[in-house]
Amino acid sequence: MTQTELESAVGEVLIDEPTLQTRIAELGDEISSDYAGKDLLLVGVLKGAVFFMADLMRSLTVPCEVDFMAISSYGAETDSSGVVRILKDLDIPLQGRDVLVVEDIVDSGLTLSYLMRNLRARDPASLEVCALLTKPDRREIEVPVKYVGFEIPNRFVIGYGLDYAERYRNLRYVGVLNEEIVP
Ligand code: PRP
């Protein structure tokens, strides 16, 4: 796929690269200050969060570790049902750790709500969430997100980790999917 083909999937740039990176640096400062002297463990949910995780973690100035989970939600392809199966669990025990879940996007909130229940049962010292994007209009269940990068409207977004049919995660910015490419 050429760069032009990649970008033809984008109807409109929603958050450009400098805006993303500036906000991630701000989040990094805030998190570094809140977790000074703590035992921070970042938990990422594959696959979309990988890109945000890589930049956020490098913007932190406190010692921290990272681990990942892979989950699969049952139900329709683009809509999360909230029924979640763990495909790959964490390697690191959470007991007594200050855990920060890092998500690319919170949409209905169903995935995160399930995940938080599951992680809380592992007895961490603290458990918070940092999400790059949130779509408040789509929320079906209340889930506290302490650190939010951007609130976005209810549009299908791709890039910077977010996919359409597994593609376009490698765009350096967040764009709105060009509906003309949808079969
Ligand atoms: C996205 C995102 C969240 C979930 C949010 O993952 O990373 O985990 O959807 O949706 P919800 O708030 O409606 O539950 P996705 O299932 O697209 O997997 P991916 O990261 O592998 O693309």
* Asked: From the set of residues in the stretch 115-145 that are of a type in the set (Lys, Arg) and more than 10 Å from the ligand (Cβ to nearest atom), which is surrounded by the most Cβ atoms within 10 Å (Cβ to Cβ)?
  -> Arg122
* For the stretch 98-113, which residues satisfy the criterion of being crowded, with 21+ Cβ neighbours inside 10 Å and more than 8 Å from the ligand (Cβ to nearest atom)? -> Val99, Leu100, Val101, Val102
* Picking from Leu41, Leu14, which residue would you name as being within 17 Å of Val148 (Cβ to Cβ), surrounded by 16 or more Cβ atoms within 10 Å (Cβ to Cβ) and touching a residue at least 40 places away in the same chain (Cβ under 8 Å)? -> Leu14
* Asked: Is there a residue in the stretch 74-89 that is in contact with a Lys or Arg (Cβ under 8 Å, 6 or more places away or on another chain) and either open to solvent by less than 20 Å² (accessible area, probe 1.4 Å) or within 14 Å of the ligand (Cβ to nearest atom) (or both)?
  -> yes
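The values are calculated or read from the model by the stated rules, or taken from the named source; none is laboratory data. Because the structure is a prediction, the values reported are computed rather than measured. Neighbour counts run over all protein chains shown; Cβ positions are idealised from the backbone, glycine included. Each accessible area value is taken on the protein alone, full model and side chains, heavy atoms only, with ligands, DNA and RNA left out. Shrake-Rupley method; radii C 1.70, N 1.55, O 1.52, S 1.80 Å.
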